[in-house]
Amino acid sequence: MSRGWTIDTIHPAPGPARGRCGGVDQLNSLESAIAEAPPAPDPGAGPAGPRLAVEFSLDPAAAGRLSRHPAIAGARGGRTRGTAEELIWLDTANGVLAGRGLALEQSQRGLRRMLRTMPEAGPPWLPGSPAETVKAPDLPDGPLVPIAAFSGRRSLVPLATPEGPVQAALITGKLRAVADEAPVARLLLDGAPEAVLGLSGRLAADLPLLPPRAALAEEGRALARGEAPRARRRGPPDLAEAGTVEEALLGAVGHLLEVMLHHAPACRLGAGPEGVHQMRVGLRRLRSVLKVFRPAAGCPALQSFDAGLKTLADRLGPARDWDVFLGGLGAQVGEAMPGDKRIAALLKAAEAKRQAAYAALRAELDGPAFRRLVLAGLGLLLQRPWRLEAEPDRLARLEESLPGSAAALLDKRWHKLCSEGEDIEDHSAEALHEVRLEAKRLRYAAELFAPLWPGKATRRFQKRLSAVQEELGIANDTAVARSLVATLGGGVPAWAIGAVEGFATARVSAARGRAMQAWEDLMVAGPSWTRA
């Protein structure tokens, strides 16, 4: 299951050895820069059983504590070997390799290997998978230039953990670009899945240890360009290639766990609202996936993972709610009554609440609970606990064809939405809220399975379902805004609270009319999937 990544599998390229980042000669072509690397051996083969390598990012300030951690100090199976490490990543000036998700890595000895730093879209993804060495593709001629470099040390530590032997490789140092540099620390654990998961769990209880959101070469490229690393996965998962229910579950969980890891660093004050929004959407999609596949894969481990996601959702919710209020209804009220001190006092109190919500969220993401949650997700992907003591009918469900299972579930949710929306014109606000929830549940499921039925009908259905949820969501956002301003306390003038509620009431009236039209359009379109 390992991606075959080790520093020691660099292979020599033709031509003279190269020096450090500043002294690398330009090469005549990309083809002459790349050595033909033999395929890496399958780490899952052999009498020792399946093995994998998982990479973790470690706070550089905490890297010095790693060797003293009881999980390391008490499990040493041999002496530590340390060596200096100098790496340079090369590309064309216009980023031909980066555009293809690749990087050419060169060591201080002039040895090179081609890395895939951005995973291909199709295959299932395991967060923490190291960049894999790949055979050089056919590329156009063009001189190579150094993009970024790493300078530091690599320490190899053989460990004898209670679950089995693990080879640990700690890489510490600095990423360097022309105009910037940044400290980095990476820990690679190689061993049987249960040994890697066990050791990483003990370390993560005390150390800031998580799968990195980008390969080291991609971090270097981003540093050189002054931008954030590119996301390995984004948006909803694409299950078009999943043949069975279990394959779809594994693909969706790995994809969405990676989405959450990518957006977690941006969930902080000063980074804007997009990080919190995208992480919350990713979390909701992931919880929807667990619910969709619960009939086939329900088990205590899945339930525990979902409970951890709910706890995180309870932290994301307030931060997002205050973002929506201050960027929406609150901003509208402020623009309508500029200079009003009562409104200014309300908005100031709301901003204080937002900052407190962000602080609580950041503490959650920086603490051990989030690290345990991510590792629990990796455990689902690697151990498939739903297969333990599963009844034959449950195992049969896991092997069912995905399109048939998906169509049956979508039919069930569609009929439930239609039932909730019957005589929708006469619905109370509470009843419309229930319709919105059913629309949201169907939307996440329809979005998940949309690649199984590509085409215009599917796109039209998703657009109309989204419109229903969005218009009904405005009414819900208004209700949330009312509850939020009610928590601001006695320091906010009652008149200001009343003004916000007045604006909210006007928004609800307009949104209700649009929601009725969106509902009618959805009923005309009807479902887009092939019925089971």
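The values are calculated or read from the model by the stated rules, or taken from the named source; none is laboratory data. This one's a predicted model, so the numbers in the text were calculated from it and none came from an experiment. Cβ placement follows ideal geometry from the backbone for every residue including glycine, while neighbour counts extend to all protein chains displayed. Side chains are part of the model used for accessible areas, which takes the heavy atoms of the whole protein and leaves out ligands, DNA and RNA. Shrake-Rupley method; radii C 1.70, N 1.55, O 1.52, S 1.80 Å.
Scanning region 309-335 for residues that are buried (at least 16 other Cβ atoms within 10 Å of the Cβ), closer than 13 Å to Pro273 by Cβ and hydrophobic (A, V, I, L, M, F, W, C) gives Leu316, Ala319, Trp322, Val324, Phe325, Leu326. Only one of the numbered conditions (1) assigned to a helix (DSSP H, G or I); (2) within 30 Å of Pro403 (Cα to Cα) is violated by Pro527, and that is (1).
Across region 254-271, what is the total count of residues that are outside any helix (DSSP H, G or I) and either touching an Asp or Glu at 6+ places or on another chain (Cβ under 9 Å) or buried (at least 22 other Cβ atoms within 10 Å of the Cβ) (or both)?
1
Per-residue answers, yes or no, for (1) among the small types (Gly, Ala, Ser); (2) without any contact (Cβ under 8 Å) to a residue 60 or more places away in the chain; (3) within 19 Å of Leu216 (Cβ to Cβ); (4) open to solvent by less than 60 Å² (accessible area, probe 1.4 Å):
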| position | (1), (2), (3), (4) |
| --- | --- |
| Arg109 | no, no, yes, no |
| Leu144 | no, no, yes, yes |
| Gly152 | yes, no, yes, yes |
| Ala169 | yes, no, yes, yes |
| Leu175 | no, yes, yes, yes |
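Selection of region 112-129 for residues being open to solvent by 10 Å² or more (accessible area, probe 1.4 Å) and at pLDDT 90 or above yields Arg116, Met118, Pro119, Trp125, Leu126. Consider Arg284 carefully, then state whether it is out of contact with any Leu (no Cβ under 7 Å at 6 or more places or on another chain), in contact (Cβ under 8 Å) with a residue 12 or more places away in the chain and assigned to a loop (DSSP other than H, G, I, E, B). No, not satisfied.
Checked against (1) of a type outside the set (S, T, N, Q); (2) part of a helix (DSSP H, G or I); (3) open to solvent by less than 10 Å² (accessible area, probe 1.4 Å), Gly201 passes all but a single condition, namely (3).
Kindly establish whether His415 is closer than 20 Å to Arg287 by Cβ and open to solvent by 60 Å² or more (accessible area, probe 1.4 Å). It is false that His415 is closer than 20 Å to Arg287 by Cβ and open to solvent by 60 Å² or more (accessible area, probe 1.4 Å). Once region 85-102 is narrowed to residues that are within 15 Å of Asp141 (Cβ to Cβ) and over 25 Å from the mean Cα position of the chain (by Cα), the residue that is surrounded by the fewest Cβ atoms within 10 Å (Cβ to Cβ) is Asn94. Run down Arg464, Arg512, Arg507, Arg482 and say which single residue is at pLDDT 90 or above and either on the phi < 0 side of the Ramachandran plot or open to solvent by 30 Å² or more (accessible area, probe 1.4 Å) (or both). Of the residues listed, the single one that is at pLDDT 90 or above and either on the phi < 0 side of the Ramachandran plot or open to solvent by 30 Å² or more (accessible area, probe 1.4 Å) (or both) is Arg464.
Select from region 280-308 the residues that are under 15 Å from the mean Cα position of the chain (by Cα) and surrounded by fewer than 19 Cβ atoms within 10 Å (Cβ to Cβ) and list them in ascending order. Selection gives Arg284, Arg287.
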